[in-house]
Structures are given as C-alpha cells and as structure tokens.
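Undergrad: Pasting in a structure now, in structure tokens, and then I'll have a few things to ask.
The values are calculated or read from the model by the stated rules, or taken from the named source; none is laboratory data. Computed from a prediction, not measured in an experiment: that's the story for all the values here. Glycine also receives a Cβ, built like all others from the backbone with ideal geometry; neighbour counts cover every protein chain displayed. Accessible surface is based on the protein model in full, side chains and every heavy atom, while ligands, DNA and RNA are left aside. Shrake-Rupley method; radii C 1.70, N 1.55, O 1.52, S 1.80 Å.
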Amino acid sequence: MSRADCTKNWTEKIYRQTEVLLQPNPSARIEEFLYEKLDRKAPSRVTNAELLGQYMQDAAKEFGHMQDAAKEFGPGTPYGRTLIEVGEYEKRLGAAEREFLQTSAISFLTPLRNFLEGDWKTISKERRLMENLRLDLDACKARLKKAKVAEAKAAMAPDFQETRPRNYVLSASASAAEHELRVAQTEFDRQAEVTRLLLEGISSTHVNHLRCLHEFVEAQAAYYKLCHHHMQELQKELGRFPNAFALNSTPSVATAGSASEGISSPVETDTLKIEEVQAPATGTRKAKVLYDYDAADSSELSLLADELITVYTVPGMDSDWLIGERGNQKGKVPVTYLELLS
C-alpha cells in the first residue's frame, strides 16, 4: 500500500508541474479546466511566438502604408524585410510550440490524469471499504471473546433455580457471535483480495507511465530540434543582407561618406576583389563554423558546420563580415556563423 501511495503522490506532483511547464499562465489553466469539466472544446489559443511574429509582420506592413515612413520602414527596406522574415519564423516557432503542447497533453498529461481521476479513485474506494470491513471484523472478534468469557464464568457457577439456565443463554450468544465472525471474516477476505489485485495493477501503471514519459521526451526533442532548424534557416536568410545596417542609415550620412576621399563606402566593399586581398601580418584569428553556409556569389566562401578556418578583416569592410581562408580558398563569411577562438 505504501508503494501505491508513493505512486499517487509523485504522479500528482509530476502532473501538476508538467501542467505549469506546458502552460505557465494559471488563468489559462483554469479556463482549460472549466472547459473540460463542462465537456466543451477549449478555443485554440495563439502562442506568444505566433503573436510576436504577427506583430512584426503587421508592423512592417503598417510602416509600408505610411507615406512619411515608407522609405525607411516599408517592406522594401532591409528593416521591413527583416521584420517580415523574422515574423514568419516566429510564427513557425509558435506553430511548433502549439503542436508540442497538444502532443504532450495527449501522450503524457492525459494518462497521468486518467490514473489520478480513475484508477486511483477506485483503489481508494476499495481500500476504504476494506478498512471498514476490518473494523467490523475486529468488533466481531471482541464480541466473541466477551461471550466466551461470560460463558466460562457461568459454567463455573451454574444457577439451577432459573427455568432457563444462564449458561444456555450464554452459549447461544457465543454461537451467534461465532457466526457473525465467520461472515465478517469472509467479507473481509473477499474485499482484501479485490484490493490486492488493484494494488498489483500499480506495476502495470508504472509501465504505462514509463512509455508515456518516453513519448513526452521524444516530443520535446522533436520540438527543440524543429526550433533549432527554424533558427538556423532564419540566420541563413538574415545573413544574405550583409549591408542592412549601412542601407538603413540616413541618406545624408551615406552621401557624405561616399564623397569623402580615402573612406571606403558599403558599395566599395561589394566591389572588393577577393583575389587581391592579402592576409595581414598580424590580426588573423582562428574561428569555428557554427552552421552550414552556402555562398551567395563568388566573393563569398561556403562553410561547413564545425570546421576551423582563418579569418581577418580588411579596411572599409562591413563589420558583419570577415575574410575567411580555408587552404587555397578565400572569401567573405558572415560573422554570425562563426565562433572566434583566438
């Protein structure tokens, strides 16, 4: 019985904490509980990531419709395009989160709740019944013992003056107590067997919960893997806009920079001839590639995750890019795809 109680207590704690993990908002949990008790389907709730993504896309579209801000923030500008792109991937993350929540609720939370609200209630009911029958059995034993003692005393000092000897009455009372004891013992044994079978089912409950736990872990791993994939794809997309910060600067600053002699502009960086770039005598560093990267043109260097390359910068180059070398190959590489080691 202690094993069953331990199973119930820890299952309840795991169930409650998993609910908090999957839905941190207590108001939302109460709402879902009420819909469930009313046997109605809860409305689909937009996740925070989906809401953030929608806000980003709506902001970019709204900026595009405003005449005064269209040139700076519209969908055709780097900032607007980035808002739309990030918003789209945030919505994908939200959709993945919603699918994970639904899968976890079906494969993990529901079996735990079914045990607490179904199997455990049955076990508790049968245990209470067995305990009541045990009390009845103890009472019958006490009555029989009392009758036996009274009968023994009467046998030692019989009263022959009574028309019905007292020991005869006491003997009948002891026989009735024995009969009640046999009936109580039979009922208790039958209920104890029922309770024993239910408690033995705890082992199969553990096996079922173990399977559900594996499914929950698999769903969680698939969810995080999908999120990581979406973020990698988003970084690749954002990496294709190397001059986003420069293009979003004010026109007056860009014009002044282009007109000044000896100062390289973003356009000059784009026309940089990679084959003419030479590694400086000092300032080169090793870098580890974090993600795969496909070169957009001949001036860039394709990368493979986890490989080591040599990187350095050149005057006038965009701060989001470095020159990378791998053997005889050379090209521009995005900084966001690298981990600088030394």
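Undergrad: I'd like to check something: does segment 179-191 contain any residue that is among the hydrophobic types (A, V, I, L, M, F, W, C), within 21 Å of Ile123 (Cβ to Cβ) and modelled with pLDDT of 90 or more?
TA: The initial filter retains those residues of segment 179-191 that are among the hydrophobic types (A, V, I, L, M, F, W, C), namely 181, 183-184, 188.
Narrowing the set further to residues that are within 21 Å of Ile123 (Cβ to Cβ) leaves 188.
So of that shortlist, the ones also modelled with pLDDT of 90 or more come out as 188.
Within segment 179-191, one or more residues are among the hydrophobic types (A, V, I, L, M, F, W, C), within 21 Å of Ile123 (Cβ to Cβ) and modelled with pLDDT of 90 or more.
Undergrad: Here is a further query. Restricting attention to segment 119-132, and to residues there that are open to solvent by 30 Å² or more (accessible area, probe 1.4 Å) and in contact (Cβ under 8 Å) with a residue 12 or more places away in the chain, which single residue is nearest to the chain's Cα centre (by Cα)?
TA: Initially, segment 119-132 is screened for residues open to solvent by 30 Å² or more (accessible area, probe 1.4 Å), giving 119, 121-122, 125-129, 131-132.
Then drop every residue that is not in contact (Cβ under 8 Å) with a residue 12 or more places away in the chain, which leaves 119, 122, 126-127, 129.
Numbers: Asp119: 25, Thr122: 30, Glu126: 35, Arg127: 35, Leu129: 39 Å.
Across segment 119-132, the extreme among qualifying residues is Asp119.
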